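**Student:** Can you read through this structure? Questions will come right after.
The values are calculated or read from the model by the stated rules, or taken from the named source; none is laboratory data. This is a predicted model, so every value here is computed, not measured. Here Cβ is always computed from backbone atoms with ideal geometry, including for glycine, and neighbour counts include all displayed protein chains.
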Amino acid sequence: MFYFEEINGKKILKSSLLNGLNHFFTIRESVIRTKEPDFEKIVKENKKDICKYLGIDEKYLIHPSQTHTSNIDVAKIGISSYPDTDGLILTNKVQAVFLNFADCTPVIIFDPENNIAAVSHAGWRGTAGNIASKTVQKMKDEFYSNPEKLKCAIGPAISFCCYNVGEDVYRELSQTVKDFSGLFEIRQGNIYVDLKGINKRQLTEAGVKPENIDVCPYCTVCNNDLFFSYRKENATTNRHSAVIKL
């Protein structure tokens, strides 16, 4: 279940399924990523508050250079640059990791047995590249994570109600899971797909138990008062973020 908490009076969103992991999703008022001058001051203030909340210096709050790939890396102390990377695994207690979103699907994966976690950026390209299941596989291969023990939260994103796509995107997404039933609809000649649902199914097909996946009910388009939407806001550069710290 998703619920709101606050950092210095500003709301953040959490999943009760990820108890044991310091994590949250920012919303409009707690934004920490922008390229718009009007938001620069609030972003600076929010980053300061969030670092204080996490108990870290700002230099240890890191994020990769997201380019809609399915490339995944491991965060390393002393390194803050991760080019062409859309999934970052955190294994140390020094750094905190955040990735940025405005309609794309955030996927947080937590391994409570080994105390490691990851954030993946699953837009349609990342989803087509199976980034969520690839993250699970990398955690399994390199850190001996047991998929059945993983806890996952799929965060706020454009939802089934609003995500219409072309036939080319539909075809690519339909090939990412063994069973695509229930993950698309034709409405008035338009194709709608369930990006959150596709990522959930990718995770279950990778071995994660369905009951260990929490899917956020908020749609970034319908709930644009809370979250940023690239589609609805004419390619805004503002982003809400998924943040993790061990």
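**Student:** Looking at this structure, is residue 196 of a type in the set (Lys, Arg) and crowded, with 17+ Cβ neighbours inside 10 Å?
**Tutor:** yes
**Student:** Of all residues in region 8-18, which are under 17 Å from the mean Cα position of the chain (by Cα) and surrounded by fewer than 23 Cβ atoms within 10 Å (Cβ to Cβ)?
**Tutor:** If the condition is that a residue be under 17 Å from the mean Cα position of the chain (by Cα) and surrounded by fewer than 23 Cβ atoms within 10 Å (Cβ to Cβ), then 12, 14, 16, 17, 18 are the ones that fit.
**Student:** Identify all residues within region 44-68 that are in contact with a helix residue (DSSP H, G or I) (Cβ under 7 Å, 6 or more places away or on another chain) and of a type in the set (Gly, Ala, Ser); write none if there are none.
**Tutor:** The answer is none; no residue qualifies.
**Student:** Separate question: Would you call residue 145 farther than 30 Å from residue 29 by Cβ, small (Gly, Ala, Ser), in contact with a helix residue (DSSP H, G or I) (Cβ under 9 Å, 6 or more places away or on another chain) and not in a helix (DSSP H, G or I)? Spell out the reasoning first.
**Tutor:** Details: farther than 30 Å from residue 29 by Cβ: yes; small (Gly, Ala, Ser): yes; in contact with a helix residue (DSSP H, G or I) (Cβ under 9 Å, 6 or more places away or on another chain): yes; not in a helix (DSSP H, G or I): yes.
Spelling it out, residue 145 is indeed farther than 30 Å from residue 29 by Cβ, small (Gly, Ala, Ser), in contact with a helix residue (DSSP H, G or I) (Cβ under 9 Å, 6 or more places away or on another chain) and not in a helix (DSSP H, G or I).
**Student:** Condition check: modelled with pLDDT of 95 or more and over 30 Å from residue 56 (Cα atoms). Does residue 144 satisfy that? Spell out how you get there, then give the answer.
**Tutor:** Numbers: modelled with pLDDT of 95 or more: yes; over 30 Å from residue 56 (Cα atoms): no.
So residue 144 fails the test.
**Student:** Now, a different point. Of the residues 135, 127, which single one is out of contact with any strand residue (DSSP E or B) (no Cβ under 6 Å at 6 or more places or on another chain), buried (at least 24 other Cβ atoms within 10 Å of the Cβ) and not in a strand (DSSP E or B)?
**Tutor:** From the options 135, 127, the qualifying one is 127.
**Student:** When you scan region 152-209, how many residues do you find that are among the charged types (D, E, K, R) and over 21 Å from the mean Cα position of the chain (by Cα)?
**Tutor:** Matching residues across region 152-209 total 7.
**Student:** Follow-up question, since we're still on this one. Please work out which residue is surrounded by the most Cβ atoms within 10 Å (Cβ to Cβ), limiting yourself to region 141-186 and to residues that are touching a residue at least 12 places away in the same chain (Cβ under 8 Å) and of a type in the set (Lys, Arg).
**Tutor:** 151
**Student:** Report, by residue number, each residue of region 194-212 that is without any contact (Cβ under 8 Å) to a residue 60 or more places away in the chain and either polar (S, T, N, Q) or within 15 Å of residue 160 (Cβ to Cβ) (or both). Break it down into steps so the answer makes sense when it comes.
**Tutor:** Just the residues of region 194-212 that are without any contact (Cβ under 8 Å) to a residue 60 or more places away in the chain, to begin with: 194, 197, 200-201, 204, 210-211.
Result: 194, 197, 200, 201, 204.
**Student:** Can you pull out the residues in region 8-42 that are within 19 Å of residue 156 (Cβ to Cβ) and among the acidic types (Asp, Glu)?
**Tutor:** Passing the criteria: only 29.
**Student:** For region 69-123, name all the residues that are surrounded by 23 or more Cβ atoms within 10 Å (Cβ to Cβ), small (Gly, Ala, Ser) and touching a helix residue (DSSP H, G or I) at 6+ places or on another chain (Cβ under 7 Å).
**Tutor:** The answer is 87, 96, 118, 120, 122.
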